[in-house]
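Below you'll find the structure, written out as structure tokens, and then a few comments.
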Amino acid sequence: MSKAIFEEFDGYQGIADEITFSRKHGTDYTIYRDSVNQQINLLHPSRMTLRVSDIIDETPSTKTLRLVSQDGYLPPFLAGQYIALFLDAKGVRTSRPYSISSPPNQTGYYDITVRRVEAGRVSTYLLDEVGRGDALESSGPAGHFYFNPVFHDRTMVCLAGGSGITPFMSMIREVVECGLDRTLYLFHGSKTLDEAIFYDELCAVSKRFENIFYVPVIEHPPEGYEGAKGLMTGTLIRKTLGDPREKTFYLCGPQGMYDFCVPELEVLDIPLRKIRKEVYGPPARIWEDPAWPREIQADDHFRVRVSGADAIHARAGEPLLTALENAGLRVPALCRSGECSMCRIKILSGKVFQPAGVPVRKSDRQFRYVHACVSYPLEDLEILV
């Protein structure tokens, strides 16, 4: 009897042997066939209730909230992922994503580290009004900003701006606590030394572990400061790394950091496929985008007619998602940076501005779907939520 054609494929016998072994010694997952949704929900819950077990002062403007599960179970995550908090702040139901700063091997709690944002509705609420014992509603862990051993080099070069250090803190803690075979360089840009989050811990870790390199870069250093000053330039990066090849670069911080650092890396001949950027919320001053239409002012207001609801007014310099939330309309949202696609809405009429780089599917462009979190009204609109 001749062999089936698939038996001639490379690796066939190895897979067949593995199936035979698994059937004899592996776990029988067929017993879960009637509870698929329950099993998926253990890994990817849409909502969780977390309780604040501790609040840790990090800098004058930053605190870490330690969050534990109400029922004792927290789903696993990868270092670099985030959770989104859903809350009522100043009478508005909204959400914000926060990277988890604790390592994934710590299964008893999630840490999120929150820096105060000037006039920030949510950061002010979390830092000033939330206390130990309070409950917070959260998403499950999400995001794609993590080390992938299949595609990424074992040497990671991480560039962080301000609170953009939080996903890297999770990665560093995992590397040192689990003894992972990975080398990590961290450049952290901070305006002042007092505002350098995790400074003492990172200095101690980098002295103790030879595979962790910490380079704080202080824009306005104190007198006599001998560390790196100014900005995270290509010259500084090359001087620290030596040969930049066979390294993967990770960036997390405000838009201005990307605008400055990506060209600096390009000068070092770092290919774009080696540069990974975390989403970091919508641009704070979208009207300063080079492509923003000059005839539109940030405080121009437009009428937005929402299908199935009353019309609302939206400010040009504010994401549509924020305008909808301010009007009491709930739109699903997670990353608030144009990546997760949860807040997609359809533009029935009118025009919006979207900054360059927002990942929009070809089908979305064809049928006029946009991400409400990074779309700004340029004229009166009619939308479908």
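Data for the structure
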{"read-out": "Among 362-372, 127-137, the order from most to least packed when residues are scored by Cβ within 10 Å on average", "value": "362-372, 127-137"}
{"read-out": "Integer Hz, Karplus 6.51/-1.76/1.60 couplings in order for the stretch 353-361, x for Gly and Pro", "value": "9, 10, x, 4, x, 5, x, 10, 5"}
{"read-out": "The stretch 1-138 - percent of accessible surface contributed by carbon and sulfur, probe 1.4 Å", "value": "50"}
{"read-out": "The stretch 48-113: C-alpha gyration tensor shape, a/c 1.5 cut-off, then a/b vs b/c", "value": "oblate"}
{"read-out": "Histogram of C-alpha separations across the stretch 199-241, 10 Å bin width, %", "value": "25, 49, 26, 0"}
{"read-out": "Phi to ³J(HN,Hα) by Karplus 6.51 cos²θ - 1.76 cosθ + 1.60 over the stretch 243-253, Hz, x for Gly, Pro", "value": "6, x, 6, 6, 9, 10, 9, 10, 10, 8, x"}
{"read-out": "Shape of the stretch 123-243, Cα gyration tensor, a/c cut at 1.5", "value": "oblate"}
{"read-out": "Whether the chain is rounded, prolate or oblate, judged on the alpha carbon gyration tensor where a/c under 1.5 counts as rounded", "value": "rounded"}
{"read-out": "Order of exposure, largest accessible area first, which applies to 289, 310 with probe 1.4 Å", "value": "310, 289"}
{"read-out": "Segments 176-184, 138-146, 235-243 sorted - mean Cβ within 10 Å per residue, highest first", "value": "138-146, 176-184, 235-243"}
{"read-out": "Pairs of Lys in the chain closer than 16 Å at Cα, counting only those 8 or more apart or on different chains", "value": "6"}
{"read-out": "Cys residues of the chain counted as unpaired, since no other Cys beta-carbon is under 4.7 Å", "value": "158, 178, 203, 252, 261, 343, 373"}
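The values are calculated or read from the model by the stated rules, or taken from the named source; none is laboratory data. Worth saying up front: this structure is predicted, and the values here are computed from it rather than measured. Methodologically, a virtual Cβ is constructed for each residue, glycine included, from the backbone with ideal geometry; neighbour enumeration extends over all protein chains shown. Each accessible area value is taken on the protein alone, full model and side chains, heavy atoms only, with ligands, DNA and RNA left out. Shrake-Rupley method; radii C 1.70, N 1.55, O 1.52, S 1.80 Å.
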